[in-house]
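Just so it is clear, none of the values below were taken in a lab; they were calculated from the coordinates. All values reported here derive from a predicted model rather than from experimental measurement. FYI the Cβ positions are ideal-geometry reconstructions off the backbone, even for glycines, and counts take in every protein chain you see.
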Amino acid sequence: MINVLIPMAGSITYDGNQYAYPKPLTEVKGQPMIQGVLEDLNAINKSINYIFAVNEADCKQYHIDNVLQLLTNNSVEIIRVVGDTAGSACTALLAIDSINNDTPLIISNMDQKFDCDLSEYIDAFKQRDLDAATICFNSVHPRWSYALTNDDGQVIETSEKRPISHNAIAGLFYFKHGKDFVKAAMQSIYKDASVNGSYYIAPVLNEMILDGKKLGISLVENDKYHTFYSPQLLEEYNRIS
């Protein structure tokens, strides 16, 4: 069994009259964006416990909780978040009662699509006996988070919105034990490792590095990773793929 956590409390609605629903419900190839995300993640394990942190307002207005229950056959925990949090790391910690354990944990973005088998990446992380890992693509743009590796391929530093390598982090993180993420995230917040007032997932990995954990990455080709952070990228994906 594996826990898959998808923080959605900070989900937004694209600008424009054609986007009437929050990002997770915006249509991609004729289905809600979050449905495509789950199709990718379902390949990882036959036994997945999905955990979503969602805006309570989105549940009331758009019934996103019902959508998530249907898409996961009710194999889901839904955390309703009232108001704003201080970033994705803080949102993830709202699931502490479910993830502070030895069970493997994946934290995923809700606005992306992989044209590859994610199970191959997760299996490779396990075979390498990594304590944590992430998937990366090639970029140097400061909108992304980054992982710097040494000659042995181990991650020695991560950063948020500051390019320190060509390894831009795709929105998926693997942790051998969920409790390691919880400990590192709390340490990161205690040290005030925020970026522009928000606490992100990528800097949390630095705390695991300081604790002597073994971290790694795997690369995905740029044309096999699609992020929908902007409506322009979504429209391009809908048009050409």
**Q.** Answer residue from segment 49-78, given it is among the polar types (S, T, N, Q) and touching a Ser or Thr at 6+ places or on another chain (Cβ under 8 Å) and is nearest to Gly178 (Cα to Cα) among those
**A.** Asn49
**Q.** Single unsatisfied condition, Met208 versus (1) part of a helix (DSSP H, G or I); (2) surrounded by fewer than 22 Cβ atoms within 10 Å (Cβ to Cβ)
**A.** (2)
Q. Which of the residues that make up segment 83-123 are surrounded by fewer than 16 Cβ atoms within 10 Å (Cβ to Cβ), in contact with a Gly (Cβ under 9 Å, 6 or more places away or on another chain) and more than 16 Å from Met186 (Cα to Cα)?
A. Asp84, Asp102
Q.
Quick check on segment 131-161: of everything there that is without any contact (Cβ under 8 Å) to a residue 24 or more places away in the chain and assigned to a loop (DSSP other than H, G, I, E, B), which residue is surrounded by the fewest Cβ atoms within 10 Å (Cβ to Cβ)?
A. Asp151
Q | Selected residue [buried (at least 21 other Cβ atoms within 10 Å of the Cβ), of a type outside the set (Lys, Arg) and in contact with an Asp or Glu (Cβ under 9 Å, 6 or more places away or on another chain)] from Ile64, Ile78 | A | Ile64
Q: Tally the residues that are in a loop (DSSP other than H, G, I, E, B), in contact (Cβ under 8 Å) with a residue 40 or more places away in the chain, more than 23 Å from Gly87 (Cβ to Cβ) and aliphatic (A, V, I, L, M), restricting the search to segment 7-40.
A: 0
Q: With the condition kept exactly as written, say whether any residue in segment 135-146 is more than 26 Å from Ile51 (Cα to Cα) and among the small types (Gly, Ala, Ser).
A: yes
